[in-house]
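Participant: Take a look at the following structure, please.
The values are calculated or read from the model by the stated rules, or taken from the named source; none is laboratory data. Being a predicted model, the structure only gives us computed values, none of them experimental. Positions of Cβ are backbone-derived with ideal geometry, glycine not excepted, and every protein chain shown enters the neighbour counts. Calculation scope for accessible area: heavy atoms of the full protein, side chains included, ligands and nucleic acids excluded. Shrake-Rupley method; radii C 1.70, N 1.55, O 1.52, S 1.80 Å.
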Amino acid sequence: MARQAPGPRGEPILGNARRFQKDILTALQEGRREHGDVVRFVGIGPLFPVFLVAGPEGIKHVLQDKHQIYPKTPFVSDRWRALVGDGLICSEGDFWRRQRRLAQPAFHRQLITSFGQVMVDTTEEMLGEWDRSERSGATVDITSEMTRLALGVLGQALFAANWRADAKVMEHAVHVAIGEAYRKFEKFVSLPEWVPTPANRKFREAKADLDKIIYRVIRDRQADKGEHPNDLLESLMLATEDDGTGMTVEQVRNEVMTFMFGGHETVASGLTWALFLLSRHPEVTRKLMSEVDAVLGDRQPTVDDLAAMPYLECVVRESLRLYPPVSLISRTPTEDDEIAGYHVPKGSMVLLSAFVTHRHPEHWPNPEGFDPDRWADGKADGRHRYSWWPFSGGPRKCIGDAFGLMEMQLVIAMIVSRFQVSLIPGQPVLPRPGLTLGQQEPVLATLTKRSVRADAVPAPVPVEPVAARCPVMHD
Ligand code: HEM
């Protein structure tokens, strides 16, 4: 007979609700430390009790072995649906399976590789602007630079040439929509979208702007009998099942929106945290610069160069370990279950946190340390598959993992080959888990142009890491 999982009692009546809201990642980490790999958090509100499953075996159980009984938590999927419609990220069952099959060719390795040049060109444009900022000694906001860069890459991968014409309107609309979505995620209760609050109006207008452009581009493509670009949109529009049926125009729109929102904030978060870590670890930066300089010299990278830069990949993996852009996901079992001998009731909220698993001391020696070498030369071989899962796992694993990894590697290679990025001393850099693991305040830095000398790296600057608020709780 399965036992009840242990867990913190929290405050009288409120239980753990306030702790979750104030700093959920620390609450989860402490829960694991004090109570083990399956923790039951009590609290006030319909989401409680909430279970944390922290160990790799439990993660495998939920995401892979018993994924059929662990669909996504409806409360979270509803938030996504408000943003992207019935896209891959928030659909379930046969509908999800069909959409996933239809979307898969868009992420074929060959097509993804062809986006390498888009990633390089977009980064080159940003670095041109950084040249000007460096000359004027201006401070750059790394968070917003990475967000603009990642959106530019995704926009062009999705819409090829059409993106440039509409980029300004789209950028603005995505920015507004995602800001509102963050607010909705942070609130347990929010007014339905049709209630004309100023925030809802802004959200609806932003979505309408995006829809206008996306539907127009789709219809133009349908009408144009000439040669079409080889982008993600085209792949979605051409995809068919064995019976010859494909996606409706609305489904194509939903997946475009899903990729746009799921595929740029994640990469931007990963890049920002990687630059943050590099700026705090000059010894790592120096080693990375040596590798990049030796392979690239003064030229731009290509996708083929990545195989010759193994340390770059180690840096990216290690950075995704410490700061996984999707730090928290949740599932809700459709039947009673048992994990590691503990009872997990049907309908409960089961939290899986890559942030917590990736810092689990039984699976990661020196868990809080930034040590890219732990990935070198087969050292990762004996590790549990689910001790590192920034892209999730099982059938719902991220469809854009190769895209995201490739982009992070190319962008970081280009940045370190050209600039030394130094954080403004003393600024607090605090994680903010929402749709992705962002920062509570923008990360500000100064730039120094490199003249390809890896040993000329300044000392690290002091920055204080800490607290992270709950992504889903009540304000
Ligand atoms: C560093 C970059 C990225 C990270 C860390 C990341 C992480 C994740 C994670 C953890 C999930 C699973 C969420 C869950 O199960 O609740 C996911 C799903 C997904 N991701 Fe990513 N992602 C990244 C980049 C991308 C990119 C570039 C795209 C598209 C261009 C993308 C599209 C998607 C989609 C469509 C899903 C839903 C898949 C499904 O349920 O079938 N992601 N991602």
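Participant: Quickly run through segment 143-183 and pick out the residues that are of a type in the set (K, R) and under 18 Å from the mean Cα position of the chain (by Cα). Talk me through it step by step, then tell me what you get.
Facilitator: Kept after step one, since they are of a type in the set (K, R), are these residues of segment 143-183: 148, 164, 168, 183.
Selection gives R148, R183.
Participant: Look at segment 21-55 and say how many of its residues are closer than 23 Å to P333 by Cβ, at pLDDT 90 or above, within 27 Å of the chain's Cα centre (by Cα) and not aliphatic (A, V, I, L, M).
Facilitator: Matching residues across segment 21-55 total 9.
Participant: Here is a further query. Check A413, A454 and return the single one that is at pLDDT 90 or above and among the aliphatic types (A, V, I, L, M). Working first, answer last.
Facilitator: Working: A454 fails: at pLDDT 90 or above.
Just one listed residue meets the conditions, A413.
Participant: Pick out the one residue from A167, A150 that is within 24 Å of I214 (Cβ to Cβ), open to solvent by less than 50 Å² (accessible area, probe 1.4 Å) and modelled with pLDDT of 85 or more. First the steps, then the outcome.
Facilitator: On the way: A167 fails: modelled with pLDDT of 85 or more.
None of the other options fit; the residue is A150.
Participant: Separate question: Among the residues of segment 391-425, write down those that are among the aliphatic types (A, V, I, L, M) and either within 16 Å of the ligand (Cβ to nearest atom) or in a helix (DSSP H, G or I) (or both).
Facilitator: First pass over segment 391-425, keeping only residues among the aliphatic types (A, V, I, L, M): 399, 402, 405-406, 408, 410-416, 421, 423-424.
Residues satisfying the conditions are I399, A402, L405, M406, M408, L410, V411, I412, A413, M414, I415, V416.
Okay, residues lined up against (1) of a type outside the set (V, I, T); (2) closer than 28 Å to R81 by Cα; (3) open to solvent by 10 Å² or more (accessible area, probe 1.4 Å):
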| position | (1), (2), (3) |
| --- | --- |
| E241 | yes, yes, yes |
| G244 | yes, yes, yes |
| V249 | no, yes, yes |
| V252 | no, yes, no |
| V256 | no, yes, no |
| F261 | yes, yes, no |
| W273 | yes, yes, no |
| R280 | yes, no, yes |
| E283 | yes, no, yes |
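Participant: While we're on this one: What are the pairs with Cβ atoms under 8 angstrom where one residue, in segment 224-236, is within 9 Å of F159 (Cβ to Cβ) and the other, located anywhere, is small (G, A, S) and open to solvent by 40 Å² or more (accessible area, probe 1.4 Å)? Sequence gap at least six, or different chains.
Facilitator: Correct list of pairs: P229/A161.
Participant: With the requirement that a residue be among the β-branched types (V, I, T), surrounded by fewer than 22 Cβ atoms within 10 Å (Cβ to Cβ) and within 13 Å of the ligand (Cβ to nearest atom), what does segment 317-348 give you?
Facilitator: Once the filter is applied, which keeps residues that are among the β-branched types (V, I, T), surrounded by fewer than 22 Cβ atoms within 10 Å (Cβ to Cβ) and within 13 Å of the ligand (Cβ to nearest atom), segment 317-348 yields I329, T332.
Participant: May I ask you to list the residues in segment 349-363 that are within 14 Å of the ligand (Cβ to nearest atom), out of contact with any Ser or Thr (no Cβ under 8 Å at 6 or more places or on another chain) and more than 24 Å from I69 (Cβ to Cβ)?
Facilitator: Keep residues of segment 349-363 that are within 14 Å of the ligand (Cβ to nearest atom), which gives 349-358.
Filter once more, keeping what is out of contact with any Ser or Thr (no Cβ under 8 Å at 6 or more places or on another chain): 356.
Those that are within 14 Å of the ligand (Cβ to nearest atom), out of contact with any Ser or Thr (no Cβ under 8 Å at 6 or more places or on another chain) and more than 24 Å from I69 (Cβ to Cβ): none in segment 349-363.
Participant: Shifting gears a bit: Considering every residue within segment 159-167, establish whether at least one is within 16 Å of the ligand (Cβ to nearest atom), under 27 Å from E441 (Cα atoms) and touching a helix residue (DSSP H, G or I) at 6+ places or on another chain (Cβ under 7 Å).
Facilitator: First, pick out the residues of segment 159-167 that are within 16 Å of the ligand (Cβ to nearest atom): 159-160, 163.
Adding the requirement that they be under 27 Å from E441 (Cα atoms) leaves none.
No.
Participant: Any residue in segment 156-177 that is more than 21 Å from A199 (Cα to Cα) sitting within a Cβ distance under 7 Å of a residue that is at pLDDT below 85? List the pairs, counting only those 6 or more apart or interchain.
Facilitator: Q156/W163
Participant: Also, quick follow-up: V39 passes all but one of (1) open to solvent by less than 20 Å² (accessible area, probe 1.4 Å); (2) touching a residue at least 60 places away in the same chain (Cβ under 8 Å); (3) hydrophobic (A, V, I, L, M, F, W, C); which number fails?
Facilitator: With (1) open to solvent by less than 20 Å² (accessible area, probe 1.4 Å); (2) touching a residue at least 60 places away in the same chain (Cβ under 8 Å); (3) hydrophobic (A, V, I, L, M, F, W, C) applied to V39, the lone miss is (2).
Participant: Still on this model: Is it true that some residue in segment 265-281 is aliphatic (A, V, I, L, M) and at pLDDT below 95? Even if it seems obvious, please write down each step before you answer.
Facilitator: Looking only at segment 265-281, we keep the residues that are aliphatic (A, V, I, L, M), and these are 267-268, 271, 274-275, 277-278.
Filter once more, so that each one left must be at pLDDT below 95: none.
Checked segment 265-281: no residue is aliphatic (A, V, I, L, M) and at pLDDT below 95.
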